[in-house]
Amino acid sequence: MSKPKIATTSLAGCFGCHMSLLDIDERILKLIELVDFDKSPIDDIKEFTGRCAIGLIEGGCANEDNVHVLQEFRKHCDILVAVGDCAIMGDIPAMRNNIPLKECLEEAYLNGPSIHNPEKVMPNDKELPLCLDRVYPCHEVVKIDYSLPGCPPGADTIWQALVALLNNKPLELPYELIKYD
Amino acid sequence: MSENLQSEIKAICQGSGNDRTKMMDIVRAVQEKFGQVSSEAMDIIAKFVNCHRVEVEGIVSFYTFLSKNPKGKVIIRLCNDVVDKMAGVGAVADAFKKELSIDFGQTTTDGKITLEYTPCIGMCDQAPAALINDEVITYLSTDKVKEIVADIKKHYDPSKLKHRLGDGNNADELVHSCVHNGLRKKGPVIFADYKSKAGLKNALAVSPVEIINVVKAARLRGRGGAGFPTGMKWQFTRAAVGEKKFILCNADEGEPGTFKDRVILTERADMLFEGMAIGGYAIGAQAGILYLRGEYAYLIKLLEKILKDRRYKNLLGKDILGKKGFNFDITIQMGAGAYICGEETALISSCEGLRGDPKTRPPFPVQKGYLGYPTAVNNVETLCCATRILEMGAAWFAETGSKGSPGTKLLSVSGDCKQPGVYELPFGIKVKDLLKEVGAEDAQAVLVGGPSGQIIGPNDYNRTICYDDLATGGAVIVFGSERDMVEIATEYMEFFVEENCGYCTPCRVGNVLLKKHLDKILAGKGEPQDLDALQELGESIKTTSRCGLGQTSPNPVLTTLKNFRQSYEKKVKKSPDGMQPTFDIRKALADAEKIANRQSVMFTK
Ligand SMILES: Cc1cc2nc3c(=O)[nH]c(=O)nc-3n(C[C@H](O)[C@H](O)[C@H](O)COP(=O)(O)O)c2cc1C
Ligand code: SF4
Ligand code: SF4
């Protein structure tokens, strides 16, 4: 029987949640026994090769590419898990949400105190994905099945969640794993 | 101008003894005089009462009747409560916009007239209604709007508006209002004839402790909504240690659909003030404060006159009715348009000249209330009941009503019924019988207790109105078969979003989220899981909010979810592809496309 497949992505996140996934240490070997990785920065597969059981999403949607990737994940994965506070509620990137996009871009590329841009050029290559008017948490763009809070959620939390999902068992997260203060 | 501002404000502050706790009076006076409490005015006030400017600004930004920016000399506040909407306020609103050539939230270019919306002003039985400065205008129609605007433009003085006069004391020259009492049914406790001082005389013949025992024996419970035993409240206040004590009467009456205290204040103010004096004697207070909602300012002259008469008759003042050492007097504190100030600890904050923020309990007001002294806060109707109990005796009172809820209750009924108005009925009445009485037997739904109460359907019409079943501070709103209950619940959530004080996150944020889910459902984009989310979120808000507002604000949603589930289910459908129907990529990209001056290649349609 072929192993279930799992895909992961980092949208508007810091890769911290992926680092936390790698923090499961030697258990990664066990994970490889349980699943195959499909599209993911971990194996650098860029496009989905088939249907996946689980998609892990880090980060919210800040630009059109994030939306595109998230929608692809929804199409290809049976279960989507929002991993970390950025995916769940936008978090730090969403701090720009109360400032108009134009002002944000001008501050970032023209007026910020550490900017050296004498020609006053705003990056505008066709290849660059356009920014959204604000940062959207994942559940505002597609249906999300589960959320794992934390910035990032600890390795044990992610591990427990994956094992429970793959074995179709109820998830047990002891208090220590979801306590953040 | 600035010199003038300085000297006028100086006079206003001096008039209030430069007392920081009189801040409400000070800012109200400045607002009235200058049509705003400007930034400069705030500095001047802060200087004279010796507080930080931010304290003044905090108050001005809190109350809707106060504003930093200039408002017109005439402010038209049209009530857009649910009941007014059902009565066709939309057309009236359009007429105002047309006649004044401005939108809501704007002031005419000559700076003379401001047009605004306001939540329930306590006139649901004569909706649509508006406040024009302190004047109340009821039964509005598009024709009437034309007349009013034409009339106002002649003199810009709302007190000169021509209108017919209401019944009873509404026609008194001190009130001169078109409001009708709408008193449909008089009962034995509140609206039976009352002879001034009968209760007080009996009270002063016995000891304070005996009064408390009588009120306890009558099993009187608070009429403001929570139903706390009044005798116990007075006992606690009496027992608490404090140099001074206070009795506060809660006449904030802000719960949408509640307008029964309005009628008491108009027709039975004597009885109310007597109840305050009795309570004052019982708990050992020398001063009482009537906290009157800003919307009822049209009654203040009448109330002041009745207070004056009572002082003259030695029913207030020194050695009342010859009782050596019993000194008691009452002042009136005006509110300034904030529903939360009906919550007793917020009411105390407001009386202290602070923002109307609720306080953390314990300590309870009976231990540490107004200015830190033991304080009993009672509803208007509760105090009138106390007066009657002292007149007629505990046994007489307990004969009426049900076992756990003796006495009568004033119900203010509005919405889709033939005879809206105020009914004094014995506690324990079945909803079914009430509906018959008010001419609404075919009601689809009834909201008992205002938005913080419960919305019930026909399956529950055999239930009774009393503290042990359907509790209410008085509001009963009827919804006919053509009303969409999801829409109604959404309207009420809007009210709570506007009116919460913002102190705690579950209430400040949670109510907004509830409203968002509801809007999504109403826009036809809801999914079944939105209903679960509403339920879960509603329950969290209730359990984690700090005061009664947040602890009840999800009720319109939770009770309609329970009792009108089909209305919700009809509106939601599962998304076929797992995409969120509310996400609009075109809208999300519009800004960036404009800034970059190119179209998205990724999302072409
Ligand atoms: C948000 C909120 C608004 C309230 N508004 C009123 C009100 O307008 N009038 C009132 O008497 N009680 C109101 N209450 C109840 C008061 O907090 C308090 O229980 C009541 O005034 C006590 O008087 P009673 O025991 O005589 O009923 C409100 C409570 C909350 C939580
Ligand atoms: S949740 Fe925290 S760790 Fe994860 S992507 Fe966001 S900022 Fe990084
Ligand atoms: S529950 Fe709402 S109204 Fe009450 S204190 Fe909290 S934010 Fe303020």
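The figures follow:
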quantity: Some residue of segment B:468-482 being away from ligand 1 (no atom under 16 Å from the Cβ) and either hydroxyl-bearing (S, T, Y) or assigned to a helix (DSSP H, G or I) (or both); calculated: yes
quantity: Residues being among the β-branched types (V, I, T) and more than 11 Å from ligand 3 (Cβ to nearest atom) - total across segment B:525-553; calculated: 1
quantity: Evaluation of B:A533 against (1) within 14 Å of chain A (Cβ to nearest Cβ); (2) part of a loop (DSSP other than H, G, I, E, B); (3) surrounded by fewer than 19 Cβ atoms within 10 Å (Cβ to Cβ) (one fails), failing number; calculated: (2)
quantity: Enumeration of residues in segment B:350-396 that are touching a helix residue (DSSP H, G or I) at 6+ places or on another chain (Cβ under 8 Å), within 13 Å of B:F246 (Cα to Cα) and open to solvent by 60 Å² or more (accessible area, probe 1.4 Å); calculated: B:Q367, B:L371
quantity: Test: residue in segment B:239-249 that is open to solvent by 30 Å² or more (accessible area, probe 1.4 Å) and within 30 Å of B:L165 (Cβ to Cβ); calculated: no
quantity: Selection count, segment A:1-42, where residues are of a type in the set (D, E) and either within 16 Å of ligand 2 (Cβ to nearest atom) or in contact with a strand residue (DSSP E or B) (Cβ under 8 Å, 6 or more places away or on another chain) (or both); calculated: 3
quantity: Filtered residues of segment B:326-349 (kept if within 15 Å of ligand 3 (Cβ to nearest atom) and either polar (S, T, N, Q) or surrounded by fewer than 21 Cβ atoms within 10 Å (Cβ to Cβ) (or both)); calculated: B:T345, B:S349
quantity: Per-region count, segment B:348-360, residues out of contact with any Gly (no Cβ under 6 Å at 6 or more places or on another chain) and either within 16 Å of ligand 2 (Cβ to nearest atom) or more than 16 Å from B:S452 (Cβ to Cβ) (or both); calculated: 8
quantity: Residue list for segment B:557-605, filter: facing chain A (nearest Cβ under 9 Å) and either in a helix (DSSP H, G or I) or closer than 29 Å to B:F479 by Cβ (or both); calculated: B:T582, B:I585, B:K587, B:A588, B:L589, B:A590, B:D591, B:A592, B:E593, B:K594, B:I595, B:A596
quantity: Which numbered condition B:I306 misses (of (1) open to solvent by 20 Å² or more (accessible area, probe 1.4 Å); (2) touching a residue at least 60 places away in the same chain (Cβ under 8 Å); (3) more than 12 Å from ligand 1 (Cβ to nearest atom); (4) closer than 18 Å to B:E381 by Cα); calculated: (2)
quantity: Filter result for the condition that a residue is within 14 Å of another protein chain (Cβ to nearest Cβ), within 20 Å of A:H18 (Cβ to Cβ) and not charged (D, E, K, R), over A:Y109, A:Y146; calculated: A:Y146
quantity: Members of segment A:2-53 that are among the β-branched types (V, I, T) and over 20 Å from A:L177 (Cα atoms); calculated: A:I6, A:T8, A:T9, A:I32, A:V35, A:I42, A:I45, A:T49
quantity: Selection status of B:A91, open to solvent by less than 20 Å² (accessible area, probe 1.4 Å), in a helix (DSSP H, G or I) and not charged (D, E, K, R); calculated: no
quantity: The lone exception for B:F65 - which of (1) open to solvent by less than 60 Å² (accessible area, probe 1.4 Å); (2) farther than 18 Å from B:M334 by Cβ it fails; calculated: (2)
quantity: Selected residue [over 18 Å from B:G578 (Cα atoms), of a type in the set (F, W, Y) and away from ligand 3 (no atom under 16 Å from the Cβ)] from A:F37, A:F73; calculated: A:F37
quantity: Per-region count, segment B:1-30, residues part of a loop (DSSP other than H, G, I, E, B) and of a type in the set (K, R); calculated: 0
quantity: Matching residues in segment A:27-42 - criterion: being free of Cβ contacts under 8 Å to residues at least 40 places away in the same chain and within 19 Å of A:L80 (Cβ to Cβ); calculated: A:D36, A:F37, A:D38, A:K39, A:S40, A:P41, A:I42
quantity: Segments classed as helices (runs of 4 or more DSSP H), wholly inside segment B:356-439, with at least 3 members that are closer than 24 Å to B:E255 by Cβ and within 22 Å of the chain's Cα centre (by Cα); calculated: B:380-392
quantity: Qualifying residue in segment B:540-562 (condition: closer than 30 Å to A:H68 by Cα and away from ligand 2 (no atom under 16 Å from the Cβ)); calculated: no
quantity: So A:S2, is it small (G, A, S), open to solvent by 20 Å² or more (accessible area, probe 1.4 Å) and either more than 14 Å from every other protein chain (Cβ to nearest Cβ) or in contact with a helix residue (DSSP H, G or I) (Cβ under 7 Å, 6 or more places away or on another chain) (or both); calculated: yes
quantity: Residue satisfying all of: in segment A:17-39; under 15 Å from the mean Cα position of the chain (by Cα) and either within 14 Å of chain B (Cβ to nearest Cβ) or surrounded by fewer than 18 Cβ atoms within 10 Å (Cβ to Cβ) (or both); modelled with the highest pLDDT among these; calculated: A:M19
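For (1) touching a residue at least 40 places away in the same chain (Cβ under 8 Å); (2) in contact with an Asp or Glu (Cβ under 6 Å, 6 or more places away or on another chain); (3) closer than 25 Å to A:I144 by Cα; (4) of a type in the set (A, V, I, L, M), each residue gets a yes or a no:
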| residue | (1), (2), (3), (4) |
| --- | --- |
| B:L522 | yes, no, yes, yes |
| B:E536 | no, no, yes, no |
| B:T544 | yes, no, no, no |
| B:S553 | yes, no, no, no |
| B:F564 | yes, no, no, no |
| B:A596 | no, no, no, yes |
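The values are calculated or read from the model by the stated rules, or taken from the named source; none is laboratory data. This one's a predicted model, so the numbers in the text were calculated from it and none came from an experiment. Note: ideal-geometry Cβ built from the backbone for every residue, glycine included; neighbour counts use all protein chains shown. With ligands, DNA and RNA removed, areas are computed over all heavy atoms of the protein, side chains included. Shrake-Rupley method; radii C 1.70, N 1.55, O 1.52, S 1.80 Å.
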